[in-house]
1. So which of A:ILE82, A:ILE37 ends up being under 13 Å from the mean Cα position of the chain (by Cα), closer than 26 Å to B:TYR142 by Cβ and either within 14 Å of another protein chain (Cβ to nearest Cβ) or open to solvent by 30 Å² or more (accessible area, probe 1.4 Å) (or both)?
2. Among all residue pairs at least 6 apart or on different chains, which show Cβ distances below 8 Å where the first residue, located in segment A:23-43, is at positive phi and assigned to a strand (DSSP E or B) and the second is at pLDDT 90 or above and of a type in the set (A, V, I, L, M)?
3. Just one of (1) open to solvent by less than 40 Å² (accessible area, probe 1.4 Å); (2) of a type in the set (S, T, N, Q); (3) at pLDDT below 95 trips up B:THR3, so point out which.
4. Tell me which residues, restricted to segment A:40-57, are open to solvent by 30 Å² or more (accessible area, probe 1.4 Å) and within 14 Å of chain B (Cβ to nearest Cβ).
5. Find the residue count for segment B:45-90, including only residues that are of a type in the set (Asp, Glu) and open to solvent by 60 Å² or more (accessible area, probe 1.4 Å).
6. Looking at segment B:323-364, which of its residues are modelled with pLDDT under 95, open to solvent by less than 70 Å² (accessible area, probe 1.4 Å) and hydroxyl-bearing (Ser, Thr, Tyr)?
7. Before we move on, is A:ASP90 surrounded by fewer than 20 Cβ atoms within 10 Å (Cβ to Cβ), under 12 Å from the mean Cα position of the chain (by Cα) and within 14 Å of chain B (Cβ to nearest Cβ)?
8. Is there a residue in segment B:160-180 that is farther than 17 Å from B:ASP144 by Cα, within 13 Å of another protein chain (Cβ to nearest Cβ) and not aliphatic (A, V, I, L, M)?
Amino acid sequence: MLDEDEGCAVLLRVFVERGYRPVRDVRFAEGDVTFDIDGWDAEARVGFEYMTRHAGDHDDLTQEELGVLEARMRRGELFVFIVDETDIADAGELEWAAHRFLDEVQRRRATPEVSS
Amino acid sequence: MSTVRADQVVAAARAQQQSLVMEKSRLDAQANRHAEDLRGLNQEWAHAWQYLGEVLVPTLAAPTLDAAAQLLQLPPLSASSIAAAMGAERARLQGEIDTVERDPLFRDSDVVLNECSIHLAELESSIGALAPAVAEFLGLLYWDELIATGYGTDAYPGKWWALSYYRHWKHADLAGEELGPKYQVQDFAALRAYYERDSEALHALQVSQAEWQAKQQAVEFLQQQHQKASDELRSLEVRTLTAARARAVQHLAALSLDQALQQVSGFPPAVVAVKRLMGLHAKIEYLSKMYAEWVAKPLAQIETMIAKNERDIHKLRTPKHAHRVFSSDDFARRFRDRESSWLKRRHNYDTARSRIVAFDDYDRYDPTTEVIWWSLMTDDCVKARYIPEVDAYYSSGARHRHDDAVASVADEIVDPTTVAADDIS
């Protein structure tokens, strides 16, 4: 299992490789959803959140807020890759999954990848 | 003050070592013999209690039981109590046997067991053919989780923005790569269908196997239950007799041996049996005390002397001590000849021990006289006065009073040869 710093480093690298410019640890506040997001590209509206018990992320981003985020993702308004620390086997698997997520974002937007 | 040199002490110590070592080996032999004596006596002690039970309750005949119950003041030993207990036990066992015999599983046990064997053999074969295929699926990484989450079905709850969705995707792909060619399928749903078919079939076979095994065990349990109850019914009288004897013995064992002797005083065979127990108890007591005084204590002293001699032989040869001198009195005291006192002690121990061990005329003991077991067993040839009971006996003059009493009784008996001589005159 990767800790939050190691996991976020992998995600940041993949997102940057794919042309996004995520900012680490920023306040996300839109509508009824308010939490500290681990990586957020405000312009592309793409980011990632690494959920750990230790950091209290499950308290920061509640189930209700997650439900609102998911609804907005279904509508294509924003995209946040949700990573539960207990789901990770190793860095390679996380990297592979992050690429597949960004592929899915690209497919859903039906737009070319953001150029780096 | 006259003195002796260190080299003379060394020479004397060397000379003494030999006799000390020999005496130690004799004491070791006595110690081993004592351990054997105690083992034998402890066995005899157990047999003597068993014998007392047999004497008190020789059979289950009503007069015998009533006599024992009255002698011991023990109503549970009476013929009516024993008969009632036996009747209840017989009825219980017969009831158990009848219940088992009414059970169809027991009545047709041979047929049922044969049927179980045939089905179990078939099931084992079918399970053996199917289990490896299911195990192959279960050996795949995350296979359990993929099945449990419903991956490959409409019920799968995975969300494309969560990492777990991609992990399932990856491992479903790996499973397809691993087993897809074998089952000639292209997607996970088809692979899953094969797994579900095989695992459900295996589960059904295992359920059936468990049912037949349970049936087989139920029949075997009934057979064992029937066998046990039948055996117990057959041995009921023997077991009752054993229990009655144990009850009688238990009752007496709670008393002191003097009280037990008093309790059975109306029944001479039991009096002899209790006297045997008293004699064995006395033997164990005497031998243990004799061992402590005549074997263990001198053995410890001799081991100390051997160690001291060894130390001195080594020490007094060193330059630092080689020129030391010692008092002649101390020298003489330390290296005096002990053989005669050792011989006397050994003789006393061996004589007393052999007489005590060999003694078996327990009925000679008469609790109405002052004569103690020691006197009977040794015929007063050795007096171990360090045993308080023995010392008190010989110091009090009890032995002489007893001898005088015996002599006066003998005087009252008319010697037939004397009478004959008088008649002639």
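The values are calculated or read from the model by the stated rules, or taken from the named source; none is laboratory data. What you see is a predicted model; the values in this text were computed from it and never measured. Note: ideal-geometry Cβ built from the backbone for every residue, glycine included; neighbour counts use all protein chains shown. Remember, those area values only see protein heavy atoms, side chains included, never the ligands or the DNA or RNA. Shrake-Rupley method; radii C 1.70, N 1.55, O 1.52, S 1.80 Å.
1. Details: A:ILE37 fails: closer than 26 Å to B:TYR142 by Cβ.
Testing whether each residue is under 13 Å from the mean Cα position of the chain (by Cα), closer than 26 Å to B:TYR142 by Cβ and either within 14 Å of another protein chain (Cβ to nearest Cβ) or open to solvent by 30 Å² or more (accessible area, probe 1.4 Å) (or both) leaves just A:ILE82.
2. From residues that are at positive phi and assigned to a strand (DSSP E or B), the pairs are A:ASP25/A:ILE37.
3. (1)
4. Start the filter on segment A:40-57 by keeping residues that are open to solvent by 30 Å² or more (accessible area, probe 1.4 Å), which leaves A:42-43, A:45, A:53-55.
Of everything in segment A:40-57, just one residue is open to solvent by 30 Å² or more (accessible area, probe 1.4 Å) and within 14 Å of chain B (Cβ to nearest Cβ), namely A:ARG45.
5. Residues in segment B:45-90 being of a type in the set (Asp, Glu) and open to solvent by 60 Å² or more (accessible area, probe 1.4 Å): 2 in total.
6. Those that are modelled with pLDDT under 95, open to solvent by less than 70 Å² (accessible area, probe 1.4 Å) and hydroxyl-bearing (Ser, Thr, Tyr): B:SER327, B:SER328, B:SER341.
7. Details: surrounded by fewer than 20 Cβ atoms within 10 Å (Cβ to Cβ): yes; under 12 Å from the mean Cα position of the chain (by Cα): no; within 14 Å of chain B (Cβ to nearest Cβ): yes.
So A:ASP90 does not fit the description; no.
8. For segment B:160-180, residues farther than 17 Å from B:ASP144 by Cα, within 13 Å of another protein chain (Cβ to nearest Cβ) and not aliphatic (A, V, I, L, M): present.
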